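J.: Here it is: the structure, laid out below.
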Amino acid sequence: MIDIIQHSVTLVGGETLLDGSERDQQQQLSAMGLAPAGKEGTIAYQILSAHNQSNSADKLQIKFDALISHDITYVGIIQTARASGLKKFPIPYALTNCHNSLCAVGGTINEDDHVFGLSAAKKYGGIYVPANMAVIHQYAREMMTKCGNMLLGSDSHTRYGALGTMGVGEGGPELVKQLLSNTWDIPAPQVVCVYLEGTPKRGVGPHDVAIALCGAVFKEGLVTNKVLEFVGPGVKNLSVDFRIGIDVMTTETACLSSIWSTDDKVKDFYTIHGRPADYKALAPAKVASYDMAIKIDLSKIESMIALPFHPSNAFTIHELQQNPALLKDVEDAAKAQFGSKVDFRLQDKVKDGKIYIDQGVIAGCSGGMFESICEAADILRGGSTGDGYFSLSVYPSSVPINLALIKNGTQQTLLEAGAVFKPCFCGPCFGAGDVPANNGLSIRHTTRNFPNREGSKPGDGQLSSVALVDARSIAATARNGGVLTAATDVDYTAKAYDYTFEKGVYDKRCYQGFGKADESAELRFGPNITDWPQMYALEDNLLLKLAAVLHDDVTTTDELIPSGETSSYRSNPLRLSEFALSRREPQYVPRAKAVAAEEAKRRSGTSEEVLTVLSKVCDNAEKTAQHTQFGSCVFANRPGDGSAREQAASCQKVLGGFANICHSFATKRYRSNCINWGILPFTIDDDVQFDYDNGDYVFVPGIRDAIRNGIETIPAKVITKDGIDDITLYVKGLTADEKTIILEGCLMNYYKAQMK
């Protein structure tokens, strides 16, 4: 089904893959009369090179063509940019409203932020997409992509490779840099050839391919921070919607970005959307070299399910049906993470050998696509979701798609079968809509199924779970009364539907203000919208107190700052910070606050705690304390998988956090978020066991000089109740700007210093 080739490969003519030894590849090229070539021939490098502002092919400084954010992130981005001297948006920047449009927590604050967004679009010259018009990524696909372009979004699923646009999801500070005409700085990434061949069988959809891909590469970190480039003879056998459905899920592999070869089907997409000039053919050079390859035979992909609690927890539906005991593994994972806080059961979903599902949801940037919803209707045509516990909700990804579904009868077919249609909204993907009952199992064509991402609250004894399934198998399950069913096992006819894009709905409701900045326009602030608290420059030494020690294999951003109703407070840094790690380590916030209070005392010269600890590791504790910052610290094996939301880092900093210590960062975007908020991104060797507890201390002498001088290996001391241990910390690969940002205390301080 999927083969991984973990060495360099050569692609010839965009379709012939040479994957033998380097010598074999050279001999085959020679027999073809061709010379070896480098990765400069890949589509990825063609695009990256065209956007690189540096003189180096190894250290890239990228300027993007456009930006996009949603209503969990854009207020903080604009507030940060505003505090840093923003006058107008220099490139198209779309503010969409698809994450908090239905969340009722907090009274008026969601709509207050929407009003702020429109006022910012008017003042700075932006694009504003009102609530329920489109989810962020569908608006970008329909209105902002262009072959050969690059688009930066403050959402991790910023992926538009199937349309010839390299999309990158980053934390808000990286968008701030672009708004202030600075660059996105990265080392040249490796490029992975994703070689497609064959044709999917009936009943197999894009989520099936994506889940299989995640299962094959995520756990070993095989493509982390690399670019996936989709090529091969199988590409032409996929519709554009199918390609998009795979592409958006590449985020769950932890890759940096993605790009696809383009063809006449993509050309038709741009023509249908009224932008034929934005298409151009993209293909690798005649000979292109890749750092590794993933071969996917589309004809062998089965109906898949990603069991809780990660998209990479992948099995075929048939495997699960034949071995329902796999559900016990999920129960064990929940028990390991949440202990006695919850009584979580999944094995009781199995009755008479069948697995009963409580809820189905087709939604968002991955599930709410035109073709997936149409084929779900074909499967359910004349059937019924039943009058039992199972329910089915459908969220189209844009109003133009919804209009097309109304006009071709798809919406009617699904409504007649018992499905419920809902607005264009991302909520079910992150816990702000269709929260299942306690111990409920929901199958969803959405992007993620992390613990409590569906909205449950383990701290209150509530836990439900999500399994990711393609819309086709969700419809097959619905037709079967909630019994889990692979779409490949259902007899149905998939009709061919023409799609007409109704741009007029955007013309009537979306504010198109790029190039029309009005400096006199006033920003409209609701009472929840507050400025960032003061943050201080890094001092000579750093004393850290461990406030959360997490030994899970991976710690997600949804654990670092929960989504769902908490995101209503995203415009109020102090209020939002109260939720940091609340569903994973509830004592983190009070511990961090206590450290921050001691740091305030130290600044006034009165912290007995700091003096007591420093006296154990230095001769003149009182003098050393004057130049030693005291902050809280999070340890996690591999933090930052998932969302690009900067709040995963900023909330730690607001609470007085100054460092993360880990074996490695799960994603570049989370590490960048930490750096941009002045949080030291310390790593330790993989073979070092971090056997320390909450309340232990780490003293890092000379940290300011080390960062300033680019010293990457930093000796430190761990102070516990049992004694003092040596530990080696690393801060590797900081750019010149990143060093200065850390020294200044955060990105805002960095820009303020430049303005002086």
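Only the coordinates and a few stated rules stand behind these numbers; no lab work does. Please read all numbers here as calculations on a predicted model, not as lab measurements. Ideal geometry is used to build each Cβ from the backbone, glycine not excepted, and the neighbour counts take in all protein chains shown.
J.: If you take the alpha carbon radius of gyration of region 304-492 and divide it by 2.2 N^0.38 Å, what ratio comes out, to two decimals? It would help to have the intermediate numbers written out before the result.
T.: Working: Rg = 15.7 Å, N = 189, 2.2 N^0.38 = 16.1 Å.
Computed over Cα atoms of region 304-492, the ratio equals 0.98.
J.: List, in order, the whole-Hz ³J(HN,Hα) value for each residue of region 173-189 obtained from phi through the Karplus relation with A = 6.51, B = -1.76, C = 1.60 and θ = phi - 60°; use x for Gly and Pro.
T.: Result, ordered by residue: x, 5, 6, 4, 4, 5, 5, 9, 6, 9, 10, 9, 9, 9, x, 3, x Hz.
J.: Relative contact order, percent, of the chain when contacts are C-alpha pairs under 8 Å separated by at least 6 residues? Intermediate results must be reported in sequence, preceding the final value.
T.: Working: 1852 pairs, mean separation 112.4, N = 756.
RCO, the chain: 15 percent.
J.: Here's another thing I want to ask about it. Full extension from ALA336 to ALA600: what is 0.36 nm times the residue separation minus their Cα-Cα distance, to one decimal in nm? Please report the intermediate quantities before stating the final value.
T.: Values: separation 264, 0.36 × 264 = 95.04 nm, distance 3.69 nm.
Residue separation times 0.36 nm, minus the Cα-Cα distance, leaves 91.3 nm.
J.: On to the next question. Taking 0.36 nm per residue of separation and subtracting the Cα-Cα distance, what length does fully extending LYS265 through ASP507 add? List each step's numbers first, then the result.
T.: Details: separation 242, 0.36 × 242 = 87.12 nm, distance 2.55 nm.
Gain on extension, LYS265 to ASP507, equals 84.6 nm.
J.: Ok, one more. If you project the alpha carbons of region 157-293 onto the principal axes, what extent comes out on each, in Å, largest first?
T.: Computed over the Cα atoms, the extents are 46, 41, 32 Å.
J.: Percentage of Cα-Cα pair distances in region 541-755 greater than 27 Å, rounded to whole percent? If you can, show how the numbers build up before the last one.
T.: On the way: 5961 of 23005 pairs.
So the pairs more than 27 Å apart make up 26 percent of the total in region 541-755.
J.: How long are the three semi-axes of the equivalent ellipsoid for the chain, computed from the Cα gyration tensor as the root of 5 times each eigenvalue, in whole Å, largest first? Please report the intermediate quantities before stating the final value.
T.: Details: eigenvalues 323, 177, 153 Å².
Those come to 40, 30, 28 Å.
J.: Report the FRET efficiency, 1/(1 + (r/R0)^6), for ALA496 and SER664, where r is their Cβ-Cβ distance and R0 is 51 Å, rounded to 0.05.
T.: On the way: r = 47 Å, r/R0 = 0.91.
It comes to 0.65.
J.: With unit charges on the beta carbons (Lys and Arg positive, Asp and Glu negative) and the dipole taken about the Cα centre of the chain, which residue among LEU415, THR683, GLY733 sits farthest to the positive side?
T.: LEU415
J.: Mind ranking 300-310, 412-422 by how tightly packed they are, going by the mean number of other C-beta atoms within 10 angstrom, highest first?
T.: Numbers: 300-310: 23.6, 412-422: 17.9.
The densest-packed peptide leads the list: 300-310, 412-422.
J.: At 7 Å along Cα-to-Cβ for each site, give me the label-to-label distance between ASP705 and ASP552 in nm.
T.: Distance between label points: 4.0 nm.
J.: Continuing with this model, one more query. For ALA37, what charge total do you get from the other residues with a beta carbon under 15 Å from its beta carbon, if Lys and Arg give +1 and Asp and Glu give -1?
T.: Working: positive: LYS39, LYS286; negative: GLU22, GLU40, GLU229, ASP291.
The answer is -2.
J.: FRET efficiency for ASP686 and ILE272, Cβ-Cβ distance as r, R0 = 60 Å, nearest 0.05? Kindly include the intermediate steps, with their values, before the conclusion.
T.: Working: r = 49 Å, r/R0 = 0.82.
About 0.75, to the nearest 0.05.
J.: Would you mind getting me the FRET efficiency between TYR536 and ASN694? Use the beta-carbon distance for r and R0 = 35 Å, nearest 0.05. Don't skip to the end; give the middle numbers.
T.: Details: r = 24 Å, r/R0 = 0.69.
It comes out at approximately 0.90.
J.: Among VAL12, LEU34, ILE47, whose Cα projects farthest towards the positive end of the dipole of region 1-122, with charges put on the beta-carbon of Lys, Arg (+1) and Asp, Glu (-1)?
T.: Sorting the options by dipole projection puts first ILE47.
J.: Shifting gears a bit: Using the charge dipole of the chain (Lys, Arg: +1 at Cβ; Asp, Glu: -1 at Cβ; taken about the Cα centre), state which of LEU238, SER650, PHE89 has its Cα farthest towards the positive end.
T.: It is PHE89.
J.: With θ taken as phi - 60° and the coefficients 6.51, -1.76 and 1.60, list the Karplus ³J(HN,Hα) couplings across region 631-644 in order, rounded to whole Hz; mark glycine and proline as x.
T.: x, 7, 8, 10, 9, 8, 4, 8, x, x, 6, x, 4, 7
J.: Dipole of region 57-133, Cα-centred, from +1 at each Lys and Arg C-beta and -1 at each Asp and Glu C-beta, to the nearest 20 debye? Walk me through the intermediate numbers first.
T.: On the way: 7 positive and 6 negative charges, 86 e Å.
That gives a dipole near 420 debye.
J.: Assigning unit charges at the beta carbon (Lys, Arg +1; Asp, Glu -1) and nothing else, what dipole magnitude in debye, to the nearest 20, does the chain show about its Cα centre?
T.: Working: 74 positive and 88 negative charges, 361 e Å.
In debye, rounded to 20, the chain gives about 1740.
J.: Continuing with this model, one more query. How much length is gained if the chain between LYS616 and GLU416 is pulled fully straight, taking 0.36 nm per residue apart and subtracting their Cα-Cα distance, in nm to one decimal? Before the final figure, lay out each step's value.
T.: Numbers: separation 200, 0.36 × 200 = 72.00 nm, distance 7.30 nm.
Length gained, LYS616 through GLU416: 64.7 nm.
J.: Per 10 Å bin, what is the whole-percent P(r) computed from every C-alpha pair distance within region 537-637?
T.: 15, 38, 29, 16, 2
J.: Also: Give a residue-ordered list of calculated ³J(HN,Hα) values for region 662-675 (Karplus: 6.51 cos²θ - 1.76 cosθ + 1.60, θ = phi - 60°; whole Hz; x for Gly, Pro).
T.: Using θ = phi - 60°, the values come out as 7, 7, 6, 8, 5, 9, 4, 5, 6, 4, 4, 4, 4, 4 Hz.
J.: Continuing with the same structure: Give me the compactness ratio for region 43-93, meaning the Cα radius of gyration over 2.2 N^0.38 Å. Can you show the working numbers first?
T.: Values: Rg = 14.1 Å, N = 51, 2.2 N^0.38 = 9.8 Å.
Region 43-93 yields a ratio of 1.44.
J.: Within a Cβ distance under 11 Å of ASP291, other residues only, what is the Lys/Arg minus Asp/Glu net charge?
T.: Values: positive: LYS39, LYS226; negative: GLU229.
Net of charged neighbours comes to +1.
J.: Run the dipole for region 621-756 about the Cα centre, Lys and Arg Cβ at +1, Asp and Glu Cβ at -1, nothing else charged, and hand back the magnitude in debye, nearest 20.
T.: For region 621-756, the charge dipole is close to 760 debye.
J.: In deg cm²/dmol and to the nearest 500, what is the mean residue ellipticity at 222 nm of the chain if only DSSP H runs of at least 4 residues count, each as -39500 (n - 2.57), divided by the residue total?
T.: Working: 28 runs with 238 residues, N = 756.
So the calculated ellipticity at 222 nm is -8500 deg cm²/dmol.
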